[in-house]
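The values are calculated or read from the model by the stated rules, or taken from the named source; none is laboratory data. Every value quoted in this text rests on a predicted model; they were computed, and no experiment measured them. Ideal geometry is used to build each Cβ from the backbone, glycine not excepted, and the neighbour counts take in all protein chains shown.
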Amino acid sequence: MAVVHALVVAVALVALACLPCAVAMFITSADEIIERTGRAARRGARRVRRGLGRHHGFGWLAPTPPVVPVGPPIEQIAADLRRLSRHRVGIATRSPVWFTAVQRAYDDRLRLACRSLEIEEFLGELDGVDREIERVRVEGHLIAAGMVFGSADPDCPRGTQ
């Protein structure tokens, strides 16, 4: 009986020691699952909206309107981001006023790019270090979506394109 009791206590201690790791793993995987589910739901909703009239024989009643871009082309946004990125490293370091103006323009273009590519961003809601971290996260998502921020030359450092 004492051996069983000692074994139960040992198992309980090991479970208690592993609990923070299990919670952290759950939170990170839950965040990814929620993000994937949200993307899939948005794609599904678009498919339903596009195909609703066609599949039920009412296609002639509700034709799908042509997609009209809301903002500038994504190529122009990418070019602006590259230009502003160079200015952030070069010209904007001369004066705090210039730096603030260039940083604000850069954030505006990041928001436009995110809106065009349907990437969630929180740049308008944050400030200070939190905004810097969000800026890096958004840049990472845009790069993953195929946007090029710097020169195509891999030997060229980011600030000298």
Fill in: Qualifying positions in the stretch 123-148 - β-branched (Val, Ile, Thr) and more than 23 Å from ARG36 (Cβ to Cβ)
VAL129, VAL148
Discussion item. Residue under question is ALA78, and the condition is that it be in contact (Cβ under 8 Å) with a residue 24 or more places away in the chain and either more than 20 Å from the chain's Cα centre (by Cα) or part of a helix (DSSP H, G or I) (or both); does it hold?
Written reply: yes
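Quick grid of which residues meet (1) at pLDDT below 70; (2) in a helix (DSSP H, G or I); (3) touching a strand residue (DSSP E or B) at 6+ places or on another chain (Cβ under 8 Å):
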site	(1), (2), (3)
VAL8	no, yes, no
CYS18	no, yes, no
MET25	no, yes, no
ARG36	no, yes, no
VAL68	yes, no, no
PRO72	no, no, no
